[in-house]
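What follows is calculated from the coordinates using simple rules that are stated; it is not laboratory data. All values derive from a computational prediction rather than experimental measurement. No Cβ is skipped: glycine too gets one built from the backbone with ideal geometry, and neighbour counts run over all protein chains shown.
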Amino acid sequence: MGNCFNEVKMSKKILMIHTGGTLGMAEGKPDNSLKPVQFQESVVNFVPELNQLADIETVFAFNIDSANLTIKHINKLVEVIKENYELYDGFVIIHGTDAMAYSGSALSFLIKNNKKPIILTGSQKPLRHIRTDARLNLINAVEFATMDIPEVAICFNSKLMRANRATKVSSGDFDAFDSPNFPYLATVGVEINLNNRCIMPISFGGEIEFNFLKEKNIVHIKTFPGLNPSIYRHFLNNDTDGIIVEAYATGNIPILENSLIPFIIEANELGIPVIITSQAKRGKINLDAYECGRKAKEAGAISALDMTIESAIMKFQYLLSKDYNVSEIKKLFLKNISGEISE
Ligand code: ASN
């Protein structure tokens, strides 16, 4: 029985793409803080039992704390997957947790009509530490990468989540990610439970297509009592490509003293799209629910519906990279293009 199991899994070829994160870090001089260390060997050498699950090869895309992630790194990841897409059955990306939901969301928009599992994972404690969560996350991620899951997904703490629905919710727990507005794609207990109703069907879409991001300038403003919009007025110029307002709950913004409405109107007049996301993780933007949202909509603001902030920002980057104008961005922002919005 055991042999039969291993033979089936061995036939799958998985590319493990190393990008950095805590998983490969160690405490370093002079301050003992965690930093990326030279990682010449594959993590498979540290967790050799991974070889029982698949035929794994490793490539080093880059090695950074994901707090340093840029558009160039995301494009590099797309490039590595593009070059290797036909050669492997699935991909595991070892990534820092801080920006994992951003990278995952970006990949979901940039790789169109994906037919293979692209699984991001990492850890809260380095692989070298005795009480690490890296081993289990790696084992689960590799196992998911051998399955028929045509999704860009985050595998963490025995859960599989669609990447453009996932968000980092804890800096201290092993249960670091959640998917507040979409069910988990799978959970791992004694058995692996696939949520087949939520996993995209393999036939979804046409030919695989790889896109790349351009460097675009997005200004992110969070509403809070006392926010003075005049501080942000200098962003209304040609260097700003888009504005994201992280509003209250259903998309409400101040409309009385310190009103953000003139700012939104002026941005629109300059051809700068304004997206409204929510400070509430669960639920959906509804700009018609309150006067404070309705006025934002009338001023031209675009709803991010129930997208995570990470997903909204990366979808915005993606659409801006295509050089769409405000009305095209509005149309596409409200449309589900990669499973990022509930319909
Ligand atoms: N700062 C780390 C990173 O994002 C955090 C982690 O991976 N747990 O690279």
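Mind checking the full-extension length gain between SER33 and LYS72? Use 0.36 nm per residue of separation minus the Cα-Cα distance, one decimal, nm.
11.5 nm
Using a basic spin-label model with each label point 7 Å from the Cα along Cα→Cβ, how many nm lie between ASN51 and LYS112?
4.2 nm
Between GLU207 and LEU256, 0.36 nm times their residue separation minus their Cα-Cα distance comes to what?
Between GLU207 and LEU256, full extension yields an extra 12.6 nm.
Would you compute, from DSSP H runs of 4+ residues alone, the mean residue ellipticity of the chain at 222 nm, taking -39500 (n - 2.57) per run and dividing by the full residue count, rounded to the nearest 500?
-7500 deg cm²/dmol
How big is the C-alpha Rg of the chain next to the rule-of-thumb value 2.2 N^0.38 Å, as a ratio?
1.04
Using a Gaussian network model on the chain with a 10 Å cutoff between Cα atoms, which of VAL92, VAL326, VAL142 fluctuates the most?
Its mean-square fluctuation being the largest, the pick is VAL326.
Give me the percent of Cα-Cα pairs in the range 101-143 that sit more than 11 Å apart, rounded to a whole number.
Value for the range 101-143 (Cα pairs over 11 Å): 69 percent.
P(r) tail for the range 196-252, what percent of Cα pairs lie past 15 Å? Provide the component values of the computation, followed by the final result.
Working: 1089 of 1596 pairs.
That tail contains 68 percent of the Cα-Cα pairs.
Cut-off is 10 Å between beta-carbons; in what order do CYS198, CYS155 appear when sorted fewest neighbours first?
Ordered by Cβ neighbours within 10 Å, fewest first: CYS198, CYS155.
Once the Cβ-Cβ distance between PHE224 and GLU41 is put in as r, and R0 is 56 Å, what FRET efficiency do you end up with, to the nearest 0.05?
The value I calculate is 0.75.
Would you mind working out the magnitude of the charge dipole of the chain relative to its Cα centre, with +1 at each Lys and Arg C-beta and -1 at each Asp and Glu C-beta, to the nearest 20 Debye?
The calculation lands at about 260 debye.
For the range 221-271 and the range 148-183, what is the separation of their Cα centres, given in Å?
The distance from the Cα centre of the range 221-271 to that of the range 148-183 comes to 30 Å.
Can you tell which of LEU136, MET100, THR121 lies farthest toward the positive end of the dipole of the range 9-157, using +1 and -1 charges on the Cβ of basic and acidic side chains (Lys, Arg; Asp, Glu)?
With unit charges placed on the Cβ atoms, the residue in question is MET100.
Label-point separation (nm) for LEU87 and SER170, each offset 7 Å from Cα along Cα-to-Cβ?
Distance between label points: 3.8 nm.
Quick one: if the Förster radius is 51 Å, what FRET efficiency do PHE60 and ARG233 give, using the C-beta to C-beta distance and rounding to 0.05?
0.70
Taking a label point 7 Å from the Cα of GLN279 along the Cα→Cβ vector, which residues of the range 219-242 have an amide N closer than 12 Å to it?
Counting only backbone N, you get 222-227.
What nm value, rounded to one decimal, do you get for the distance between CYS198 and ILE337 when each label is placed 7 Å out toward the C-beta?
With each label placed 7 Å out from Cα toward Cβ, I get 2.4 nm.
Of PHE224, LEU260, GLY300, whose Cα points farthest to the positive end of the dipole of the range 208-343 (charges on the beta-carbon: +1 Lys, Arg; -1 Asp, Glu; origin at the Cα centre)?
Positive-most Cα among the choices belongs to PHE224.
Where nothing but the Cβ of Lys and Arg (+1) and of Asp and Glu (-1) is charged, how large is the charge dipole of the range 206-259 around its Cα centre, in debye to the nearest 20?
The calculation lands at about 240 debye.
Which value, in debye to the nearest 20, describes the size of the charge dipole of the range 82-187 about its Cα centre when Lys and Arg Cβ atoms bear +1, Asp and Glu Cβ atoms bear -1, and nothing else is charged?
The calculated dipole for the range 82-187 is roughly 120 debye.
To make sure I understand, if each residue's beta carbon is the centre and we count other beta carbons within 10 Å, what order do PHE62, PHE224, PHE144 fall in, fewest to most? Could you put the intermediate results ahead of the total?
Working: PHE62 17, PHE224 10, PHE144 24.
Going from least to most buried by this count: PHE224, PHE62, PHE144.
Tell me, HIS95, HIS220, HIS18, HIS234 in order of fewest to most beta-carbon neighbours within 10 Å?
On the way: HIS95 29, HIS220 14, HIS18 21, HIS234 9.
Ascending Cβ contact count within 10 Å gives the list HIS234, HIS220, HIS18, HIS95.
Considering the options ILE71, ASN32, LEU53, tell which one lies farthest towards the positive end of the dipole of the range 15-72, charges being +1 on Lys and Arg and -1 on Asp and Glu at the Cβ, about the Cα centre.
Checking the options against the dipole of the range 15-72, the answer is ILE71.
Select from the range 123-200 those GluC sites (Glu not before Pro) which occupy a DSSP coil region and have at most 16 other Cβ atoms within 10 Å, ordered by residue number.
GLU191
Structure shown: which of LYS281/LYS315; LYS297/LYS331; LYS13/LYS82; LYS76/LYS322; LYS82/LYS322; LYS216/LYS284 lie over 22 Å apart, alpha-carbon to alpha-carbon? Please report the intermediate quantities before stating the final value.
Details: LYS281/LYS315 17 Å; LYS297/LYS331 14 Å; LYS13/LYS82 16 Å; LYS76/LYS322 18 Å; LYS82/LYS322 19 Å; LYS216/LYS284 26 Å.
Table pairs above 22 Å Cα-Cα are LYS216/LYS284.
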